[in-house]
1. Hey, SER744 hits all of (1) at pLDDT below 85; (2) in contact with a Lys or Arg (Cβ under 9 Å, 6 or more places away or on another chain) but one; which does it fall short on?
2. Open to solvent by less than 60 Å² (accessible area, probe 1.4 Å), over 21 Å from GLU316 (Cβ atoms) and not polar (S, T, N, Q): does that describe LEU228?
3. Sort out which residues of the range 327-352 are of a type in the set (S, T, N, Q) and part of a loop (DSSP other than H, G, I, E, B), and write them in order of number.
4. So how many residues does the range 202-227 have that are over 14 Å from TYR184 (Cβ atoms) and not basic (Lys, Arg)?
5. Please count how many residues of the range 694-746 are within 22 Å of PHE637 (Cβ to Cβ), aliphatic (A, V, I, L, M) and open to solvent by 20 Å² or more (accessible area, probe 1.4 Å).
6. Six or more apart or on different chains, Cβ atoms under 6 Å: show the pairs whose first residue is in the range 91-112 and open to solvent by 10 Å² or more (accessible area, probe 1.4 Å) and whose second is part of a loop (DSSP other than H, G, I, E, B).
7. Which one of these is modelled with pLDDT under 85 and within 24 Å of ALA496 (Cα to Cα): ASN408, ASN381, ASN429?
8. State all residues of the range 247-290 that are under 25 Å from LEU324 (Cβ atoms), touching a residue at least 12 places away in the same chain (Cβ under 8 Å), of a type in the set (D, E, K, R) and surrounded by fewer than 18 Cβ atoms within 10 Å (Cβ to Cβ); if no residue qualifies, say none.
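The values are calculated or read from the model by the stated rules, or taken from the named source; none is laboratory data. Here the structure is a predicted model, which means the values were calculated and not measured. For neighbour counting, all protein chains shown are included, and Cβ atoms are generated from backbone atoms with ideal geometry for every residue, glycine included. Keep in mind that these areas ignore ligands, DNA and RNA; they rest on the heavy atoms of the full protein, side chains included. Shrake-Rupley method; radii C 1.70, N 1.55, O 1.52, S 1.80 Å.
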Amino acid sequence: MRWRGDRRIQRGLQGLLIALALTACASDRAYREGQDLAREGKTEEALARFEDASRQNADSAKFRIAVLQTREALVLGALAAGRKALDEERYDDARAAYQRAMSWQQGSPRAQEGLNAIAAAQRHAKWMSSAQHALDRKDDKVAENWLRMVLSEAPQHRKARALLQELEETGQKKSGTVLLAEAYRKPITIEFKDAPLKQVFEVISRTSGLNFLFDKDVRSDQKTSIFLKNSTIEAAVNLTLLTNQLEQRVLDANTVLIYPNTQAKQKDYQSLTVKAFYLGNAEAKVVASTLKTILKSRDVVVDEKLNLLILRDTPEAIRMAARLVAMHDVAESEVMLEVEILEVKRTRLLDLGIRWPDQLSLSPLAASSGALSVADLRGLNAETLGATIGPTTINAKKVDTDTNILANPRIRVRNREKAKILIGERVPNITSTSTATGFVAESVNYVDVGLKLDVEPTISIEGEVAIKIALEVSSVTSQIQTKSGSLAYQIGTRTAQTILRLKDGENQVLAGLINNEDRQTANKVPGLGEIPVLGRLFGEQRDDTAKTEIVLSITPRILRNLTKPGTSNMEFESGTESSLSGFSWGSPDAATKAAEGAAKSANGAAASSGNGEANGTQAATSLAWQGPDKVKVGDVFAVQLTMQSSQPVMSLPLAVGFDARSMQVVSVTEGDFLKQGGAQTNFTSRVDPSGQIVLTVTRSGDSGATGSGVVATVNLRATAAASADARVQLLTAAPVAQGGKAVSAPLPSPLVIGVAP
């Protein structure tokens with residue numbers, strides 16, 4: 001029985017070993033197949049084979065590394081395809097590419113950013129379409145507000161910037177302000193000489209229908225003279241105020257307050273605005289210096305950590321500060337320098353001839369006693385004299401060497417920044433130092449030997465690049481040993497420094513750094529070695545020729561350059577020394593009120609475009625879905641809930657329903673809407689697998705969020721094909737404003753998604 005038990009154990013061990021061997025063979029075979037597929041460019045099939053190998057042999061680090069590297073390559077390829085499609089406005093292709101990236105890397109932040117960028121790009125496209133429709137209707141004010149909404153989210157949006165610049169340069173925009181009311185456009189002809197100021201405003205009031213209130217410090221007996229023909233109410237009011245050192249503040253659409261233009265009264269009546277500028281390129285402290293110098297702003301706060309600039313000033317100063325900040329906050333120019341450095345070395349060595357003995361040495365032989373005396377020298381003969389003669393050597397050697405050393409670096413450099421390249425090695429140079437006490441210390445200094453290239457480009461706005469170039473090619477020619485035994489190196493160096501000015505894509509070749517050495521060494525028998533041709537039989541000649549040339553080719557390619565601003569942005573009215581609200585700016589408070597009203601209208605229109613119209617009226621707050629129209633089973637896709645509101649929102653409880661039969665929730669993430677201005681938020685979400693998501697977003701602080709943005713992103717996976725289209729819909733939404741006041745927001749239409757097998 002024991003023998004039988006031992007046999008069973010042996011058979012079990014043999015089976016286990018056979019199974020392990022088969023598993024190892026299968027995993028290795030799958031790994032090799034994956035490598036073959038990867039070389040053929042079939043990356044997805046290769047990933048599947050690597051995953052099979054890793055599952056069969058989970059302890060193999062080689063298989064796990066192959067899986068991770070292949071998956072990363074697939075993710076990077078999908079992200080690159082998504083970026084390209086997004087740049088070309090192929091949103092469906094971009095969304096599909098980002099969804100592929102998320103299928104290979106769950107919750108990929110880069111893929112999620114791409115999906116958010118798609119939603120933003122589609123939102124901006126709708127706003128640009130609304131702006132274009134407004135331009136077609138000659139409604140420049142509405143078009144301008146649509147464009148500014150786009151630029152508030154995407155400051156570098158090319159089309160929006162171009163259209164806004166066109167509005168400013170063609171004169172469709174009226175001096176940066178909106179008129180107080182229709183009454184300001186009414187024509188007027190007025191003539192007064194030394195008339196009381198209040199009498200002049202009484203006439204203007206009767207003509208325009210405006211109401212004028214006077215501060216108690218405006219003198220009732222103040223006289224003024226005014227002669228205007230075929231002018232406007234606005235011009236009459238502004239000129240009267242300007243010539244009498246008065247200022248105005250608009251109280252409502254038909255009422256204007258008149259007060260003395262003194263510093264004390266401005267503190268009492270002039271409204272101030274706080275504006276935050278988050279700078280992406282310029283330094284906040286540099287921009288703050290500009291605002292303090294030009295606008296004389298005193299309330300300027302700089303946060304260098306966030307590169308944030310906060311300004312508190314009048315609405316006119318804020319508008320002008322926005323223009324000045326736009327001049328500063330532009331991306332620096334960058335250039336790609338394509339450099340080719342070629343070192344061509346040719347060596348020719350010819351060593352041909354016979355080297356005959358050139359020395360004969362005679363020496364007397366010592367006597368048998370071992371000592372040599374003078375008497376021995378007298379009797380020198382063939383037996384007592386020794387002779388020594390050198391060897392005879394026949395040389396027939398020819399060596400040809402051609403060497404090409406090529407470096408082809410590509411350097412991306414910012415404007416006026418230095419870049420350095422070293423291709424070579426660092427040679428140690430040992431220095432010994434001895435003291436009076438006999439102590440010897442050695443120190444090692446490293447010397448850069450090889451090819452060194454320093455470049456500093458200066459990119460002009462016209463598209464040319466001035467490049468300061470310093471090229472150095474060095475090599476160790478010999479070693480020198482000092483008396484103390486330390487080694488020093490003799491280094492041969494060739495340098496060139498110049499400044500080039502090239503156009504974008506223009507190539508320049510620098511050559512001529514030539515080192516030409518020609519050495520001839522001969523060892524001949526006198527007389528016989530000078531015979532032509534036959535002289536080679538009576539001597540040896542060594543011809544050594546070495547020629548080295550350095551060739552530098554450089555081509556600049558501008559990747560990003562500054563765009564020259566339009567005339568309206570380089571030169572504009574800035575008021576007077578005492579006030580930024582000069583005549584050409586019209587009524588500052590009127591502009592502020594009218595702009596706010598236009599912004600509210602634009603926000604209402606935006607809400608309408610996102611959710612349609614309800615009962616013929618436009619909602620001030622609206623919600624809308626963004627997501628794909630069609631997906632396949634197994635796809636991971638994202639849907640986003642966006643919000644637009646002209647009212648400040650502090651909290652947003654939501655309930656979302658989804659079709660649990662054909663999709664499941666992967667993750668729920670918070671958007672950026674309530675995070676505006678860097679505010680802290682509290683985000684909670686709960687997923688019911690039966691088909692419901694309950695989430696709440698609450699904003700901290702005293703101010704609510706306005707404008708537009710993403711409330712939340714829901715990542716879903718399609719699990720089964722549906723006979724009918726699946727839906728993602730908002731079941732309830734209860735936005736809350738400041739003070740707990742409810743905000744009315746109609747529910748958006750459901751997002752209908754087709755799930756294909």
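1. It is condition (2) that SER744 fails.
2. Details: open to solvent by less than 60 Å² (accessible area, probe 1.4 Å): yes; over 21 Å from GLU316 (Cβ atoms): yes; not polar (S, T, N, Q): yes.
Against the criterion (open to solvent by less than 60 Å² (accessible area, probe 1.4 Å), over 21 Å from GLU316 (Cβ atoms) and not polar (S, T, N, Q)), LEU228 qualifies.
3. First pass over the range 327-352, keeping only residues of a type in the set (S, T, N, Q): 333, 347.
Across the range 327-352, the qualifying residue is only SER333.
4. Applying the first criterion (over 14 Å from TYR184 (Cβ atoms)) to the range 202-227 yields 202-203, 206, 213-227.
Of the ones still in play, those that are also not basic (Lys, Arg) are 202-203, 213-215, 217-218, 220-222, 224-227.
Summing the residues that are over 14 Å from TYR184 (Cβ atoms) and not basic (Lys, Arg) in the range 202-227 gives 14.
5. Residues meeting the conditions: 6.
6. ARG95/PRO628; GLN99/ASP635
7. Working: ASN381 fails: within 24 Å of ALA496 (Cα to Cα); ASN429 fails: within 24 Å of ALA496 (Cα to Cα).
Only one candidate passes the filter, namely ASN408.
8. LYS275, GLU283, LYS285
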